[in-house]
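These notes are about the structure you will find just below.
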Protein chains: 2
Amino acid sequence: MPYSEQFLHEAIRLSGEKMEAGEGGPFAAVIVKNGKIISKGWNCVTSENDPTAHGEVMAIRNACHALETFSLEGCEIYSSCEPCPMCLAAIYWARLDALYFAGSMADAAAAGFDDRFLYEEVSKPWNLRTLKTRQALQSEAQAVFKAWIAKPDKTAY
Amino acid sequence: MPYSEQFLHEAIRLSGEKMEAGEGGPFAAVIVKNGKIISKGWNCVTSENDPTAHGEVMAIRNACHALETFSLEGCEIYSSCEPCPMCLAAIYWARLDALYFAGSMADAAAAGFDDRFLYEEVSKPWNLRTLKTRQALQSEAQAVFKAWIAKPDKTAY
């Protein structure tokens with residue numbers, strides 16, 4: 001379906017409403033299928049004690065719950081802001097068809113959110129990131145991947 | 001706390017156990033605080049119909065629930081595999097002190113998982129990604145950010 005401004009207005013409106021209500025940061029998203037909103041999500045990191053509870057992630061979880069599927073092919077997401085790397089990757093994993101957003105990464109950064117820094121970190125090889133990181137026991141993990149490849153009754157995603 | 005091999009063994013063991021049980025893909029993680037495991041998580045994307053239910057995300061959610069906080073400062077995460085961009089950004093948002101992992105992004109890719117492609121996409125400006133993306137109504141979103149900045153009783157994260 002083509003972009004429809006009403007859904008982006010709704011995502012922005014929701015971001016303000018839930019932020020004012022003390023749910024969390026000023027971010028929200030809605031997911032649309034066949035021209036209708038099928039789910040809404042808003043940032044509830046601080047109220048739910050869940051650092052992964054961003055607007056887009058919550059909207060994705062709610063849409064998948066409603067449709068009883070782990071794939072949102074055929075749906076679009078409207079977000080009040082450019083997604084952080086966590087939410088962007090979640091949008092890919094959910095197989096959403098399109099992303100429409102309003103505020104920019106720079107707008108989020110100016111309001112105190114780390115999105116720009118996170119994009120820089122995610123783009124680096126792991127040994128150059130600020131996060132202390134170490135790899136070990138690789139062959140032990142490879143054995144599990146081999147078992148997955150050989151598993152006859154697996155559900156791919 | 002320094003790296004301790006026992007926890008990485010446990011993350012890998014769990015990834016195999018839950019994959020064989022049909023929970024989802026072959027990935028798991030544990031979170032450690034003061035030398036003790038405080039949470040475990042495993043991929044349950046297909047069994048829970050949640051594309052965000054990766055091992056690291058689930059371990060983070062479970063740890064935050066157990067500790068009743070949205071910050072895991074002072075904790076480390078041990079993952080059976082190098083995190084995808086969603087999980088890596090979640091690790092930063094959760095303020096974890098360190099990441100220890102076993103399998104590589106290449107190992108995951110060889111088993112059919114999109115991690116490498118996702119890292120490439122996340123590293124691009126939004127207008128160069130394969131995901132159909134469009135920005136609109138930026139000033140409307142900026143007004144919400146201004147309200148956030150001015151909000152006297154906000155909880156920062």
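The values are calculated or read from the model by the stated rules, or taken from the named source; none is laboratory data. Everything numeric here is computed off the predicted structure, so don't read it as measured data. Heads up, the Cβs are rebuilt from the backbone with ideal geometry, glycines too, and the neighbour counts pull from every protein chain shown.
When B:A11, B:A90, B:A59 are checked against the criterion of being modelled with pLDDT of 95 or more, closer than 18 Å to A:A147 by Cα and among the small types (G, A, S), a single residue qualifies: B:A11.
Within segment A:92-141, the set of residues being within 17 Å of B:R129 (Cβ to Cβ), facing another protein chain (nearest Cβ under 7 Å) and not hydroxyl-bearing (S, T, Y) comprises A:W93, A:A94, A:D97, A:A98, A:L99, A:F101, A:L118, A:V122. Under the condition of being in a helix (DSSP H, G or I) and either touching a Ser or Thr at 6+ places or on another chain (Cβ under 6 Å) or loosely packed, with under 13 Cβ neighbours inside 10 Å (or both), the residues counted in segment A:144-157 number 3. Of note, B:A106 does not satisfy the criterion of being in contact with a Gly (Cβ under 7 Å, 6 or more places away or on another chain) and surrounded by fewer than 24 Cβ atoms within 10 Å (Cβ to Cβ). Taking every residue in segment A:77-104 that is farther than 15 Å from B:L137 by Cβ and pairing it with any residue that is basic (K, R) and in a strand (DSSP E or B), at least 6 positions away or on another chain, the pairs with Cβ-Cβ distances below 8 Å are A:D97/B:K132; A:A98/B:K132; A:A98/B:R134.
Residues that are out of contact with any helix residue (DSSP H, G or I) (no Cβ under 6 Å at 6 or more places or on another chain) and surrounded by 15 or more Cβ atoms within 10 Å (Cβ to Cβ) within segment B:1-18 comprise B:F7, B:L8, B:H9, B:E10, B:A11, B:R13, B:L14, B:K18, listed in sequence order.
Can you confirm whether segment A:118-136 contains a residue that is in a helix (DSSP H, G or I), surrounded by 23 or more Cβ atoms within 10 Å (Cβ to Cβ), of a type outside the set (A, V, I, L, M) and out of contact with any Cys (no Cβ under 6 Å at 6 or more places or on another chain)? Scanning segment A:118-136, I find no residue that is in a helix (DSSP H, G or I), surrounded by 23 or more Cβ atoms within 10 Å (Cβ to Cβ), of a type outside the set (A, V, I, L, M) and out of contact with any Cys (no Cβ under 6 Å at 6 or more places or on another chain), so the answer is no.
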